[in-house]
Amino acid sequence: MKILDSKILVTGANRGIGLALVEKLLEKGAAKVYATYRSENNRSTLDEFEERVIPVHLDLGDKATIEQLSQSVLSLNILINNAGMLSAENLLENTEEQLRNDFEANFFGTLAVTKALLPTLRKESSAAIVNIASIASLAAMPSLGGYSASKAAVHSMTQSIRGTLKADGISVHGVYPGPVATRMTEGFDMEMTSAPVVAEKILEDIENGIEEIFPDAMSQQTGPLFLSSPKSLEQNFA
């Protein structure tokens, strides 16, 4: 899958990994980048880009904005599901509302966007879906229990649609980052990888056809451990 001359949509593109992906996609020669934002307050960053970047309003909790995607995006090679939420930490202490918020955005919202754009992707001779999950989706972190559970659902969804869409020639990639220096991780006391470094690795691995992408220092250590011994990773995170 080549980035050059491709048409790509990135959800949650106004900051963090999403914004870094937009910048790297332009550097790599993407023909058009649809960059989604959740509220008008977040759009200004995207308006500063050149005309190849098309800002698109998308709220993963608003079905109307998801349904509108198929009318706004008429041609697409790569869908990058990056938008997400972290509101549920301790699985036994958080409220049901907090847990549902994470699942509605991270799982149900991502699935709905994928389904809305799938007919457009199927029109192309070369297409890919990229789901930004988390290293915590492979083995739960107790301090991020609710978030881990919602991202584990994204991991399972990625595996499921990969098998379903193979016959259509659509490649499906799961991305499993560790701690990345974004607004979501502010206050976390740990070493983090910068968003531009993570974005560069994600796009490199997409082009190389890698299905499980570990784009930062921590995930490059823990990813192989999961692939060889899932129980060991669970015990390490616990």
* Asked: Do you know the Lys pair count in region 1-121 for C-alpha distances under 16 Å, with sequence separation 8 or more or different chains?
  -> 8
* Structure fact -> Full extension between residue 27 and residue 87 adds, at 0.36 nm per residue less the Cα distance, a length in nm of 18.3 nm
* Would you mind checking which residues have amide H under 5 Å from residue 56's amide H? H placed 1.01 Å from N; only 5 or more apart, or other chain. => 35, 36, 37
* Asked: By how many nm would the segment from residue 59 to residue 159 grow when fully extended, if each residue of separation counts as 0.36 nm and the alpha-carbon distance is taken off?
  -> 33.6 nm
* Got a sec? How would 225, 74, 99 order by Cβ neighbour count within 10 Å, fewest to most? -> 74, 225, 99
* Ranked highest first by the average count of other Cβ atoms within 10 Å around their residues, in what order do 141-149, 205-213 fall? -> 141-149, 205-213
* Structure fact -> Summing -39500 (n - 2.57) over every DSSP H run of at least 4 residues in the chain and dividing by its residue count gives a helix-only mean residue ellipticity at 222 nm, to the nearest 500 deg cm²/dmol, of -13000 deg cm²/dmol
* Asked: What is the packing order of peptides 87-93, 174-180, 77-83, taking the mean over residues of other C-beta atoms within 10 Å and listing the highest first?
  -> 77-83, 174-180, 87-93
* Using r as the Cβ-Cβ distance of residue 48 and residue 141, and R0 as 35 Å, what FRET efficiency do you calculate, to the nearest 0.05? -> 0.50
* Obtain the nm distance between the two label points defined at residue 96 and residue 204 by a simple spin-label model: each point lies 7 Å from its Cα along the Cα-to-C-beta direction. => 4.6 nm
* Hypothetical label at residue 68: residues of region 1-35 whose amide nitrogen lies under 20 Å (7 Å Cα-Cβ projection) -> 8-15, 33-35
* If you line up the Cα atoms of the chain on their principal axes, what length do they span on each, largest first, in Å? -> 46, 36, 32
* Output the DSSP H helices from the chain with an along-axis C-alpha extent of no less than 24 Å and a mean Kyte-Doolittle hydropathy no less than -0.5. => 145-165
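Coordinate-derived values only; no laboratory data. Fair warning: this is a prediction, and the values are worked out from it, not measured in the lab. Quick reminder, even Gly has a Cβ in these numbers, built from the backbone with ideal geometry, and neighbours come from all protein chains shown.
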